[in-house]
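Trainee: I have a structure I would like to understand better, so I am pasting it below and will then ask my questions one at a time.
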Amino acid sequence: MANNPRSGAVRKLKKGPSKGTGGLGRKALEGKGPTPKAEERTYHKAYKNKALAERSAAKRAGTSASPRRNSGPKGKAMEELVTGRNSVLEALRAAIPAKALYVAVRIEMDERVRESIKLATERGIPLLEAHKPELDRLTEDAVHQGLVLQIPPYEYEDAVDTASEIIAKWKKGHISNAPLIVALDGITDTRNLGAIIRSVSAFSGHAVIIPERRSAGVTAAAWKTSAGAAVRVPVAKAPNLNRAIGAFQKMGFFVLGLDGDGDVSLPALTLAQEPVCIVVGSEGKGLSRLVRENCDQIVSIPIDSAMESLNASMAVGISLYEISRQRAVQA
């Protein structure tokens, strides 16, 4: 018995010819293709260096507020983070709505930090302490200097509903001046949007309309440029600007497009007393073809030199002033 081999150590061989896999293992032998480049592999140092270089380039371009990633479902507006002591202080001074002010633990105090904390406390904005690594992760390694302001996404109204409400209030006597709204066609600069909102507020306008796509939105930069006017003037979105213009016209609005080659010069405008929707295009392309065709009238602003053009926000401001002036004269 001592010389008997252990059964567990015996290798059993099958009799007869052995069979192959029938091709089932061929796919496993094909490989996974060429190796991705180092900067394309998320775990590689080269990938992180490339991402850092892109963020640095954005900072050099002057970006001080960036949207948070994965802050909401696809298609929904995302929250913004305003970073850096100067940017945070300017945002708080402009009364931009905020959800929270993050302050680094053991932050080195200066006048900007003290004023930021004071303004946030006065407005009831929650103050949250966080360690530097947490702020680095939150801002994706942006230069925050220990201060980060969290901005909620702007809640846009529907363009047609907004215009309808304005007309209804006017007819009931709740609004003394005839409805006056401004629609933007291809304005992608947030500072232009902010300046237009400010002009609409200054000259008793009632709303700003922007398209759903290819348009600047109400970001932290727009809030700052509006100097707080975005609190008073609603910004509404139109899924289709041309359809919205048609709906405005059915409500009784006269739609006036601003263009250098207009049918009427602004001083000769005769529709100032009526409900008016001013449409302005981008500085480079102007009004799109369909929008131009759907306007009731194309109005031009006389300027001294044919070689000069007006910034979109400036053109809107001049037009609103002239309409306001004519309404005051004829009141």
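Trainee: For the range 240-254, which positions are without any contact (Cβ under 8 Å) to a residue 40 or more places away in the chain and either touching a helix residue (DSSP H, G or I) at 6+ places or on another chain (Cβ under 9 Å) or of a type in the set (S, T, N, Q) (or both)? Quick ask: steps written out before the conclusion?
Mentor: Residues of the range 240-254 that are without any contact (Cβ under 8 Å) to a residue 40 or more places away in the chain, as a first pass: 240, 243, 250.
Residues satisfying the conditions are Asn240, Arg243.
Trainee: Go through the range 269-307 and give me each residue that's of a type in the set (A, V, I, L, M) and without any contact (Cβ under 8 Å) to a residue 60 or more places away in the chain.
Mentor: Across the range 269-307, the qualifying residues are Leu269, Leu271, Ala272, Leu290, Ile298, Val299, Ile301, Ile303, Ala306, Met307.
Trainee: Also: Those residues that are under 21 Å from Ala229 (Cβ atoms), among the β-branched types (Val, Ile, Thr) and out of contact with any helix residue (DSSP H, G or I) (no Cβ under 8 Å at 6 or more places or on another chain), I need them from the range 134-193; list them, please.
Mentor: Matches in the range 134-193: Thr162, Ile166, Thr188.
Trainee: Quick one: how many residues across the range 161-188 are free of Cβ contacts under 8 Å to residues at least 40 places away in the same chain and either under 27 Å from Lys285 (Cβ atoms) or outside the structural domain of Val276 (by TED's automatic domain parsing) (or both)?
Mentor: Qualifying residue count, the range 161-188: 0.
Trainee: Only one of these conditions is not met by Ala216: (1) under 17 Å from Ile151 (Cα atoms); (2) free of Cβ contacts under 8 Å to residues at least 40 places away in the same chain; (3) assigned to a helix (DSSP H, G or I). Which number is it?
Mentor: (3)
Trainee: Could you list, ordered by first residue, the pairs with Cβ atoms under 7 Å in which the first is in the range 313-331 and farther than 16 Å from Ile181 by Cβ and the second is surrounded by 14 or more Cβ atoms within 10 Å (Cβ to Cβ) and among the β-branched types (Val, Ile, Thr), at least 6 apart or interchain?
Mentor: Correct list of pairs: Ile318/Ile301.
Trainee: Taking the range 130-149, which residues are in contact with a Lys or Arg (Cβ under 7 Å, 6 or more places away or on another chain) and within 12 Å of Ser87 (Cα to Cα)?
Mentor: Within the range 130-149, Val143, Gln145, Leu147 qualify.
Trainee: Also, I was wondering about something else. Working only within the range 118-139, note down all residues that are over 15 Å from Val105 (Cα atoms), surrounded by 15 or more Cβ atoms within 10 Å (Cβ to Cβ) and either outside the structural domain of Ile96 (by TED's automatic domain parsing) or out of contact with any strand residue (DSSP E or B) (no Cβ under 7 Å at 6 or more places or on another chain) (or both).
Mentor: Leu119
The values are calculated or read from the model by the stated rules, or taken from the named source; none is laboratory data. Given the structure is predicted, the values throughout are model-derived calculations rather than measurements. So basically every Cβ, Gly included, is an ideal-geometry build from the backbone, and we count neighbours across all protein chains shown.
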